[in-house]
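The values are calculated or read from the model by the stated rules, or taken from the named source; none is laboratory data. Computed from a predicted model, the values in this text were never measured in an experiment. We place every Cβ from the backbone using ideal geometry, glycine too, and count neighbours over all the protein chains shown.
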Amino acid sequence: MRSIRSIFAVGTAALALLVTPGTAQAWPSTPPSDHIVIDVVTVNGKGCPPGTAAIAVSEDNTAFTVTYSNYLAQVGVGAHPTDFYQNCQLNLRVHVPQGFTYAIAEADYRGFNALQEGSFAYEQASYYFQGSPDTARIRHTVDAADPDDPDTSNWQETDTVDASFLVWHPCGEQKNININTSLTVKPGTSDVRHKTSFITMDSADGSIKTKYHFAWKTCPTK
């Protein structure tokens, strides 16, 4: 079976605390009734060329999804030397109804891998508001799929922030949020002369989505 190892590092100790899914304190989750609009201000990175990343907000305002169509890192036969690393930086403007503020409480990442025996890959993400020096970097390691278990070719990871460590959008201000993701393939002991190892965070039919869960709360009245 595929094994998963998680590595967590923070720019400041107070920024965020990642915990095993299911052990986090429940975050505030009553969203505003007005439908949320998210504008994509900029998109940068080899993992998301122009036109290959789409944003959609859930009907109940509890989450938004990002769908990629060209997010693939690879090594070995047919790969260029720089293909082992792919990244995408999204700069998003979330139009928050007056009186509310939000934080990113959880993120679900999914994709497909065809990692050869001996190889492995990293999926990494960081989140921060515009102008903030604080950055949380969360990295997961995905090992080669088990050839006897086809289900291990599909990978999924979840980043969860404990409620007491959520980083909230400043009330009454307009600060964009930056979401940086990356995929890295390491050949390890695999045979790169005859085989290709790759990992994706996309799907041709749009069925694989990255999902970000909002935490919501009301701003204090002045």
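With respect to Q130, determine if the residue is in contact with a Lys or Arg (Cβ under 8 Å, 6 or more places away or on another chain), modelled with pLDDT under 90 and of a type outside the set (D, E, K, R). Walk me through it before giving the result.
Numbers: in contact with a Lys or Arg (Cβ under 8 Å, 6 or more places away or on another chain): yes; modelled with pLDDT under 90: yes; of a type outside the set (D, E, K, R): yes.
Yes, satisfied.
Listed here are the residues, each with its yes/no results for (1) part of a loop (DSSP other than H, G, I, E, B); (2) at positive phi; (3) surrounded by fewer than 16 Cβ atoms within 10 Å (Cβ to Cβ); (4) touching a residue at least 40 places away in the same chain (Cβ under 8 Å).
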| residue | (1), (2), (3), (4) |
| --- | --- |
| T160 | no, no, no, yes |
| K175 | yes, no, yes, yes |
| G188 | yes, yes, no, yes |
| H213 | no, no, no, yes |
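For the range 57-67, give me each residue that is closer than 30 Å to V185 by Cβ and either in a loop (DSSP other than H, G, I, E, B) or of a type in the set (A, V, I, L, M, F, W, C) (or both). Result: A63, F64, V66.
Could you go through the range 68-89 and let me know if any residue there is aliphatic (A, V, I, L, M) and farther than 28 Å from P187 by Cβ. Can you show your working first?
From the range 68-89, those aliphatic (A, V, I, L, M) are 72-73, 75, 77, 79; that's our starting set.
Among the residues that remain, those that are also farther than 28 Å from P187 by Cβ are: none.
No.
Among the numbered conditions (1) farther than 30 Å from T196 by Cα; (2) not in a strand (DSSP E or B), the only one that R93 does not meet is (2).
Among the residues of the range 9-56, those that are modelled with pLDDT under 90, surrounded by 15 or more Cβ atoms within 10 Å (Cβ to Cβ) and not in a loop (DSSP other than H, G, I, E, B) comprise V10, L18. If only residues of the range 148-194 that are farther than 15 Å from A114 by Cα and of a type in the set (D, E, K, R) are counted, the one that is farthest from the chain's Cα centre (by Cα) is R193.
Take the conditions part of a strand (DSSP E or B), crowded, with 22+ Cβ neighbours inside 10 Å, out of contact with any helix residue (DSSP H, G or I) (no Cβ under 9 Å at 6 or more places or on another chain) and not aromatic (F, W, Y) and apply them to V75. Does it pass? Before you say what the answer is, go through the steps one by one.
Numbers: part of a strand (DSSP E or B): yes; crowded, with 22+ Cβ neighbours inside 10 Å: yes; out of contact with any helix residue (DSSP H, G or I) (no Cβ under 9 Å at 6 or more places or on another chain): yes; not aromatic (F, W, Y): yes.
When the stated conditions are applied, V75 passes them.
Kindly evaluate A121 against the criterion of being modelled with pLDDT under 90 and either of a type in the set (A, V, I, L, M, F, W, C) or in contact with a helix residue (DSSP H, G or I) (Cβ under 9 Å, 6 or more places away or on another chain) (or both). Taking the combined requirement at face value, the residue does not satisfy it.
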